[in-house]
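Asker: The following block contains the structure, expressed as structure tokens.
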Amino acid sequence: MDTAATKSAQKSFFMKPWKYIGSIRRKFPNMGVILVAAILFELISALQFGYTRAMLEDELEMHAESELTMKSIQIRGRLTAVTNTLLDHFNDARRNLAEPDSQYIVALRLLDAHPTITGGGMAFKPYYYAEKGRLFEPWALRNDGGGTVIQMGSDSHDYTQMEFYWKTLETGSTYWSDPYYDEMGTHEMISTVAEPLTDSKGDTVGVIGLDITLKNLGDTINNRHLYPSSFDILLTESGNLIAGPSEAFTDPGEVEKAIALINDSSVTRHQGMRGRTTIIKQDNLYITYSYMRGNPHWQLAVVCYEDEVYGKLTQVRWNIMGLLLLGLLLMGYIVYRSARSSRRLQEADMKNERINSELNIAKQIQQEMLPKRYPPYPDRHDIDIYGMLEPAKEVGGDLYDFFIRDEKLFFCIGDVSGKGVPSALVMSVMHAHFRSVITHESNPERIMKNLNTTATEGNDTNMFVTIFVGVIDLPTGRMRYCNGGHDRPMVIEDGLVRELPAQANMAIGIMDDMEFHVQEEMLKPGAMLFLYTDGLTEARNSTGDFYGVKRMQKALEELATKGLSAEKMLSGMAQHVRDFVGESEQSDDLTMMAIRYTPHNGINLLHESITMKNDVSEVDRLGDFVKTLSKRLQMTPSKAANLRLAIEEAVVNVMNYAYPQETDGEVTVEADVVAATTDEGRETQQLNIRITDQGVAFDPTERKEIDTSLSAEERPIGGLGIYLIRELVDSINYERQEDTNTLTLRVNLNNNPIKINVYEDNNS
């Protein structure tokens, strides 16, 4: 009896939880669905978080590598300028070896040769000048009054034991010393570059050297950051700090922590994707560093904080989790309320709710994909553009887009066959692919072929797209366009409306080997291009009449007389269509886009030019040309150096690749300063550098790949060369007309306007 009672009690104990779960399932029949949905949402969120984090890390690595490359180039440029100054005065020191006291004058010349030099002079071998004793080191030191020369060599200052002296003699070549404290001159950390000094017979008699202070290098490498709290540090090859961020912006303890991690051999690190950088991730720090090529073999590091890199992503994830939780709670409440109604009504309500929600989201996403107007950049006054799309259903199959790259406006308008969700999906694919193609392609014919290839692949539903693609060169107004079975745009000039002569061609998505023809049109200043889909001309009123092309042209002529902006032009057309349609239901998507070309010619303040043969030996002449131009523009040394680097990079690539081997040709560089007044009444000045040649056609702006591992001599234009040029100037533009290539570099002078009020011409 006792045993049987015990077993019965145990069975009752284990059955109670299952009875409780069964009761919940009867009251909430869809609770399992909610739990499964919660798990799936969490998995999707985790996968999305991981995938996005990996993308952010790849992007961070790419940007960090680019920053290291640019900062390394800047530092190398400063060091090279000092080294060249040293080499330029080598013969001066050699010529004066006969007179030891004349070396003081040479030292002063070294000091005056470059503003960043804090000291310079010669350190001779012991007893080279017997009358001067064992150590003779005539050295010039910079001070507030200019420069002072002293004999620094002494028993207390035995330069033969200093690195810059013995290491230079040991290597027999130019050598940059590790940083050390300058007790005699600046009382700051300096580095010395030295070169073996030889006499007329080639015998080494000592070294000639220059000192530079390192305090400004920290500002140089920290003038721009990937993130607000990130910073850059410069280390010696052995890991000692050369330059870093200001203590006002970065805690010195954080800098020391980053240096310690770099120097700690036990810290885990891995190579970057391209093998040119080393990455350390530890204690919330994300450190990317690499060694500078050549001498000195210093290390340059970019330090970021992981919580800053991924902070927004983490916040978004928590927000999504909160929204998911709220969504699950709402879903549970709906299930609870719906459980008391019939299952059929419950399923129908939930299905309709989900579909309507998804369609509204899809409509919002589709509208957000499309641009409204081009962002009003302060210096963008040569184009006025606006677009609008009103879908007939929740989502539509029309598309339009526009984007400015390299002083060219890329635009398109299209209509996908059919309506609703299938058309909207095709529209999204075409829109995304158009944006992808125009990042590296400028020819409308090739853009159209790319779009056609995408539209025909896997097109089992036989859907097609009518589309019009155009590219406007903003400096000249030259428009190249290609039509794919779309309605011809209208051109409004001087109050008159005419149809653009566009070949019809065939819509894309029908045949993968379709040929398209590119056409050209020169837009006059003030001309407007009006593009539309057939939802405009085929709009119907209550009597079944179509709006039609004639009614559209008449409306455009009425609006053209008012001198309206692109946005107001479309608003007026939309209202005109609504007045015609009245209360009739919209039968098709209504899409319109207006583009007004509004260039400001401005006034030429300065003109300089130089013509060279396609021989890199001509680069010296080009350097003199740019130097003279920079002085006339009163540019700072850093801006002048950037301008020279950009122009020389472009010209050398033209010389190397514009003409076949053994072919003589010419390259012309023209510089113009143009002053203009914006619509807001603001005065602007712009430096235009035009590089022209009659070589083979080659658009460097269409190149996508950047290979920073190649040397300057090996880099092709459009690779790292174009990447550097884009970083050094405000905009770049390429055009080929007839047999002439024209590459134009533009630099805004608004922060440093020149004071020239007459047109000057100096042809070199």
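The values are calculated or read from the model by the stated rules, or taken from the named source; none is laboratory data. Small disclaimer: the values here were computed from a predicted structure and weren't measured. Cβ coordinates were reconstructed from backbone atoms using ideal geometry, including for glycine residues, and neighbour counts include every protein chain displayed. Note: areas computed on protein heavy atoms with side chains; ligands, DNA, RNA excluded. Shrake-Rupley method; radii C 1.70, N 1.55, O 1.52, S 1.80 Å.
Asker: What is the number of the single condition among (1) surrounded by 20 or more Cβ atoms within 10 Å (Cβ to Cβ); (2) touching a helix residue (DSSP H, G or I) at 6+ places or on another chain (Cβ under 7 Å); (3) within 30 Å of ASN462 (Cα to Cα) that THR537 does not meet?
Answerer: With (1) surrounded by 20 or more Cβ atoms within 10 Å (Cβ to Cβ); (2) touching a helix residue (DSSP H, G or I) at 6+ places or on another chain (Cβ under 7 Å); (3) within 30 Å of ASN462 (Cα to Cα) applied to THR537, the lone miss is (1).
Asker: Looking only at residues in the range 160-183 that are hydrophobic (A, V, I, L, M, F, W, C) and free of Cβ contacts under 8 Å to residues at least 60 places away in the same chain, which one is surrounded by the most Cβ atoms within 10 Å (Cβ to Cβ)?
Answerer: Step by step, filter the range 160-183, then rank; the result is PHE164.
Asker: Before we move on, is SER238 open to solvent by 50 Å² or more (accessible area, probe 1.4 Å), assigned to a loop (DSSP other than H, G, I, E, B) and over 17 Å from TYR180 (Cβ atoms)?
Answerer: Criteria not met by SER238.
Asker: Among the residues of the range 60-69, count how many are surrounded by fewer than 17 Cβ atoms within 10 Å (Cβ to Cβ) and either over 13 Å from the mean Cα position of the chain (by Cα) or farther than 14 Å from SER230 by Cβ (or both).
Answerer: Residues flagged as surrounded by fewer than 17 Cβ atoms within 10 Å (Cβ to Cβ) and either over 13 Å from the mean Cα position of the chain (by Cα) or farther than 14 Å from SER230 by Cβ (or both) within the range 60-69 amount to 1.
Asker: Please pick out the residue among THR663, THR701 that is in contact with a strand residue (DSSP E or B) (Cβ under 6 Å, 6 or more places away or on another chain) and either at pLDDT below 70 or among the β-branched types (Val, Ile, Thr) (or both).
Answerer: Criteria check complete, one pass: THR701.
Asker: While we're here: Can you report the number of residues in the range 591-632 which are in a strand (DSSP E or B), modelled with pLDDT of 85 or more and either open to solvent by 10 Å² or more (accessible area, probe 1.4 Å) or out of contact with any strand residue (DSSP E or B) (no Cβ under 6 Å at 6 or more places or on another chain) (or both)?
Answerer: Adding up the residues that qualify gives 6.
Asker: Now a separate question. Going by what's in this entry, would LYS562 be described as in a loop (DSSP other than H, G, I, E, B), modelled with pLDDT under 95 and of a type in the set (Lys, Arg)?
Answerer: Yes.
Asker: Among the residues of the range 633-677, how many are part of a loop (DSSP other than H, G, I, E, B), open to solvent by 10 Å² or more (accessible area, probe 1.4 Å) and under 23 Å from GLY602 (Cβ atoms)?
Answerer: 2
Asker: When the range 121-135 is examined, which residues are found to be free of Cβ contacts under 8 Å to residues at least 24 places away in the same chain and either open to solvent by less than 30 Å² (accessible area, probe 1.4 Å) or of a type in the set (Lys, Arg) (or both)?
Answerer: GLY133, ARG134
Asker: Also: Among the strands (runs of 3 or more DSSP E) lying completely within the range 402-493, list those that include at least 2 residues that are more than 21 Å from LEU570 (Cα to Cα).
Answerer: Per the criteria, 408-416, 465-473, 478-484.
Asker: Being of a type in the set (Gly, Ala, Ser) and within 15 Å of ASP178 (Cα to Cα), is that true of even one residue in the range 244-264?
Answerer: For the range 244-264, residues of a type in the set (Gly, Ala, Ser) and within 15 Å of ASP178 (Cα to Cα): absent.
Asker: A follow-up question, please. Please enumerate the residues belonging to the range 216-235 that are surrounded by fewer than 13 Cβ atoms within 10 Å (Cβ to Cβ), among the charged types (D, E, K, R) and either in contact with an Asp or Glu (Cβ under 8 Å, 6 or more places away or on another chain) or modelled with pLDDT of 90 or more (or both).
Answerer: ARG224
Asker: Which condition from (1) more than 44 Å from the chain's Cα centre (by Cα); (2) in a loop (DSSP other than H, G, I, E, B) is the one that ARG94 breaks?
Answerer: ARG94 satisfies every listed condition except (2).
Asker: Follow-up. Of the residues THR174, THR160, only one is more than 21 Å from VAL149 (Cβ to Cβ) and β-branched (Val, Ile, Thr); which?
Answerer: None of the others qualify; the one that does is THR174.
Asker: Could I ask something else about it? Determine whether ALA113 is among the aliphatic types (A, V, I, L, M), farther than 23 Å from ASN216 by Cα and open to solvent by 10 Å² or more (accessible area, probe 1.4 Å).
Answerer: So ALA113 does not fit the description; no.
Asker: Moving on to the next point. Could you identify the single residue in SER442, SER428 that is open to solvent by less than 50 Å² (accessible area, probe 1.4 Å), closer than 30 Å to THR476 by Cβ and of a type in the set (Gly, Ala, Ser)?
Answerer: SER442
Asker: Enumerate the pairs (first residue in the range 457-474 and open to solvent by 10 Å² or more (accessible area, probe 1.4 Å); second residue anywhere and of a type in the set (Phe, Trp, Tyr)) with beta-carbon separation below 6 Å, excluding pairs fewer than 6 apart on the same chain, so at least 6 apart or on different chains.
Answerer: Going by the 6 Å Cβ cut-off, there are no qualifying pairs.
Asker: Next question. Of all residues in the range 485-534, which are over 20 Å from ASP401 (Cα atoms), open to solvent by less than 20 Å² (accessible area, probe 1.4 Å) and without any contact (Cβ under 8 Å) to a residue 40 or more places away in the chain?
Answerer: Selection gives nothing.
Asker: With free of Cβ contacts under 8 Å to residues at least 60 places away in the same chain, closer than 19 Å to ASN240 by Cα and acidic (Asp, Glu) as the only criterion, which of ASP307, ASP283, ASP264 stands out?
Answerer: None of the others qualify; the one that does is ASP264.
Asker: Do any residues in the range 403-427 that are on the phi > 0 side of the Ramachandran plot and small (Gly, Ala, Ser) have Cβ atoms under 8 Å from those of residues that are modelled with pLDDT under 90 and surrounded by 24 or more Cβ atoms within 10 Å (Cβ to Cβ), where the two are at least six apart or on different chains, and which pairs are they?
Answerer: Short answer, once both residue conditions are applied: GLY418/GLY397; GLY420/VAL395; GLY420/GLY397.
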